[in-house]
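Read the structure below first, then the notes.
The values are calculated or read from the model by the stated rules, or taken from the named source; none is laboratory data. Quick caveat, the model's predicted, so the values are computed rather than measured. FYI the Cβ positions are ideal-geometry reconstructions off the backbone, even for glycines, and counts take in every protein chain you see.
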């Protein structure tokens, strides 16, 4: 049963392309894992710093919105399903998982995803189409059938492996890549594994992948004690030289031109009626929504139930999207206000201080993606937190422990991912 539960937790995000009776498949798999764990008489405890954040988000923003008369769905505000679900997962699954199995299955699934990615890339460049292995299940997108979705993915310029989108594939393998980077630095040896995963993230051309790569390598330079000063100088010099070579010799290369055009989209605050808007919507729009809130809501938040209402208060000429999508940081600011964001940051730093170097790279990578993706209370966030716990050398210190030792730790298994 331990191995089954561990596999379900690692496989959860693999199922992002599917739904079951209208429910996202990762949550369905997560619920099955929770129910199976509850049959094993689990020992319940919570990550340090998470309790105060969870209680605040459950009660204060909804009460403030209710008292001030802010319109919204108060059932959703006082019963936020995703917050409750992932809080239960944190309390039930994370303290009881056999991290040896987690690391074992995660490595297998990562390698399987990378293998399919290379098969797809080779197939696309040789035959103009890529093989896909999507299952005949209800697809995540309501307006898309399996055949339609498969046809689109087979002809796109970028491969997605088993996942819904290229960004999801990048997010799945980034925690493993963090460990690979740490092992490379620790052993002072560039391995084939490091080169393969670096190439995959570059070929993928995913914004999440690029942001994750940037966050990892900046962290390597600034985390004290991770690498010696001489090596940092070498790394900075190599990066500077590489940037110069690309800018001087390959500035007209189609791949470089495409990357620069995507960078322009990300950095631009302007919205064109018929132009690309993905970067603006993912990175900037939520701050404009937060900016129009009244001071009381900026401090305390509006709650999940009023998120859609306040999103519709903002009108941006030329924008073709009026929904409530925001990245993780913006979701924290709007729903939890300054106080909720502070409590989440407090939880993050408490966890960060008690983890090992490889786990810190995973957590930093997660927060970096918060700035461009909706990560809060999602399978992505659960994956990153779980892998940070699995990779750390003393996960016992990450949990509150009011009634004695609540976690059975297998320290030997925590190092299997490095083998």
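Remarks
- The lone criterion from (1) modelled with pLDDT under 95; (2) part of a helix (DSSP H, G or I); (3) touching a helix residue (DSSP H, G or I) at 6+ places or on another chain (Cβ under 6 Å) left unmet by residue 132 is number (2).
- Picking from residues in region 17-36 that are farther than 21 Å from residue 132 by Cβ and under 19 Å from the mean Cα position of the chain (by Cα), the one that is surrounded by the most Cβ atoms within 10 Å (Cβ to Cβ) is 30.
- Condition check for residue 74: buried (at least 18 other Cβ atoms within 10 Å of the Cβ), closer than 30 Å to residue 46 by Cα and in contact (Cβ under 8 Å) with a residue 12 or more places away in the chain: no
- Test result for residue 94, in contact (Cβ under 8 Å) with a residue 40 or more places away in the chain and in contact with a helix residue (DSSP H, G or I) (Cβ under 9 Å, 6 or more places away or on another chain): yes
- Filtered by the rule that a residue be under 20 Å from the mean Cα position of the chain (by Cα) and either more than 22 Å from residue 38 (Cα to Cα) or not in a helix (DSSP H, G or I) (or both), region 98-110 gives 106, 107, 108, 109, 110.
- Restricting region 295-343 to residues that are in contact (Cβ under 8 Å) with a residue 60 or more places away in the chain and in a loop (DSSP other than H, G, I, E, B), the residue that is surrounded by the most Cβ atoms within 10 Å (Cβ to Cβ): 303
- Residue match in region 37-53 (condition: crowded, with 16+ Cβ neighbours inside 10 Å and within 26 Å of residue 112 (Cβ to Cβ)): yes
- Contact annotation: residue pairs with Cβ atoms under 6 Å, 6 or more positions apart or on different chains, pairing a residue in region 158-176 that is touching a residue at least 60 places away in the same chain (Cβ under 8 Å) with a partner that is part of a loop (DSSP other than H, G, I, E, B), are 163/16; 164/16; 164/17; 164/140; 167/206; 168/16.
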